[in-house]
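> Following this message is one structure expressed as structure tokens.
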Amino acid sequence: MPKIIVSGRGGSGKSTMAALLAKALEERGKVLVIDTDESNLGLGRMLGQEPPAMTLMGFLGGKSAVRDKLLASMQQEKKEKLSFFRDNLTLENLPAECVSWHGPVGVLRIGKIEHSMEGCACPMGSITRSLLNELQVSENEWAIVDTEAGVEHFGRGILEGADIVLMVADPSYESVLLTEKARELAGEANKKFIVVINKLDENTGPVLRQELTGRGIEIGAALNYSADVNQANLTGNPVDINVLREDVGGIIDKLAG
Ligand SMILES: Nc1ncnc2c1ncn2[C@@H]1O[C@H](COP(=O)(O)OP(=O)(O)OP(=O)(O)O)[C@@H](O)[C@H]1O
Ligand SMILES: [Mg+2]
């Protein structure tokens, strides 16, 4: 079953999308939501879940320990793939401290920026890459990866272990340009690329469709603007899948197709 990278420009709705997908998929199996955003903190609240006790980076000894391992692997004469995990990593045997489960939905955080001047986020990228390469996701299980804004994660190689890039495009010119770029990058990595247009209303929806299709970009599915979802995100309450259930169902059909 797929490991899905949710990409898009800042504020396009990646985290909302990840939360809605998880809520819809929980009826069909087990879902791990992987929070790779080093800055934003609210994904757990969108799902109505407490964050896990530890980040994966904390579990692995902290940023400097991970950085040391990364540097050592770069200096190896005979390069081996950098691994942070034991063999046969599954949703069941992930470190318990790092996943907050609520029924069939688990949230895992890779790592967050915690201190001023703490250095770049490369260690987070290498943990994510290793996790996605090694995590085995079986029938009726999904891994949904919420990313930071933009295309930095494409450069970090986290696509390697993923199956699908789900690109969230909101009605903005920046989203149109970024979707074009992301299609190219996903193509280079040989990954399935699905565009979901988000926050549509009757005025912006047709224009966004035209801008994308005019560039030869196929639109996979659409998520309408919902004042309820926006209100929930303003107050830190869980997003209600019922208000967009039909739209999210269309996205899941596309992911399965
Ligand atoms: N379908 C929707 N209907 C209404 N509002 C939406 C919808 N999708 C997202 N939003 C709103 O857009 C804003 C950004 O959403 P979200 O945090 O999910 O984006 P993001 O892409 O994860 O942002 P970031 O790049 O900061 O991680 C929020 O205020 C959210 O409520
Ligand atoms: Mg986000």
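> Taking the options E152, E92, name whichever one is out of contact with any helix residue (DSSP H, G or I) (no Cβ under 9 Å at 6 or more places or on another chain), surrounded by fewer than 17 Cβ atoms within 10 Å (Cβ to Cβ) and of a type in the set (D, E). If you could, list the steps in order and put the result at the bottom.
Values: E152 fails: out of contact with any helix residue (DSSP H, G or I) (no Cβ under 9 Å at 6 or more places or on another chain).
Among E152, E92, only E92 is out of contact with any helix residue (DSSP H, G or I) (no Cβ under 9 Å at 6 or more places or on another chain), surrounded by fewer than 17 Cβ atoms within 10 Å (Cβ to Cβ) and of a type in the set (D, E).
> Does G48 count as of a type outside the set (A, V, I, L, M, F, W, C), closer than 16 Å to A149 by Cβ and surrounded by fewer than 24 Cβ atoms within 10 Å (Cβ to Cβ)?
On the way: of a type outside the set (A, V, I, L, M, F, W, C): yes; closer than 16 Å to A149 by Cβ: no; surrounded by fewer than 24 Cβ atoms within 10 Å (Cβ to Cβ): yes.
No.
> Just the residues that are among the hydroxyl-bearing types (S, T, Y) and either touching a Gly at 6+ places or on another chain (Cβ under 8 Å) or open to solvent by less than 40 Å² (accessible area, probe 1.4 Å) (or both), please, taken from segment 221-255. Don't jump to the end; show me each part of the working.
So the first thing to find is which residues in segment 221-255 are among the hydroxyl-bearing types (S, T, Y), and the list is 225-226, 235.
The one that is among the hydroxyl-bearing types (S, T, Y) and either touching a Gly at 6+ places or on another chain (Cβ under 8 Å) or open to solvent by less than 40 Å² (accessible area, probe 1.4 Å) (or both): S226.
> In segment 144-190, which residue that is of a type in the set (D, E, K, R) and free of Cβ contacts under 8 Å to residues at least 60 places away in the same chain is farthest from ligand 2 (Cβ to nearest atom)?
Once the filter is applied, the top-ranked residue is E188.
> May I pose another question? Out of K69, K79, I need the residue that is part of a helix (DSSP H, G or I) and either away from ligand 2 (no atom under 16 Å from the Cβ) or not acidic (D, E) (or both). Which one?
Exactly one of K69, K79 is part of a helix (DSSP H, G or I) and either away from ligand 2 (no atom under 16 Å from the Cβ) or not acidic (D, E) (or both), namely K69.
> Related question: Given the criterion assigned to a loop (DSSP other than H, G, I, E, B) and surrounded by fewer than 18 Cβ atoms within 10 Å (Cβ to Cβ), identify the matching residue among E218, E160.
Every option except E218 fails the conditions.
The values are calculated or read from the model by the stated rules, or taken from the named source; none is laboratory data. Since this is a predicted model, take the numbers as computed values, not measurements. Every residue, glycine as well, gets a Cβ built from its backbone with ideal geometry; the counts of neighbours run over all protein chains shown. Calculation scope for accessible area: heavy atoms of the full protein, side chains included, ligands and nucleic acids excluded. Shrake-Rupley method; radii C 1.70, N 1.55, O 1.52, S 1.80 Å.
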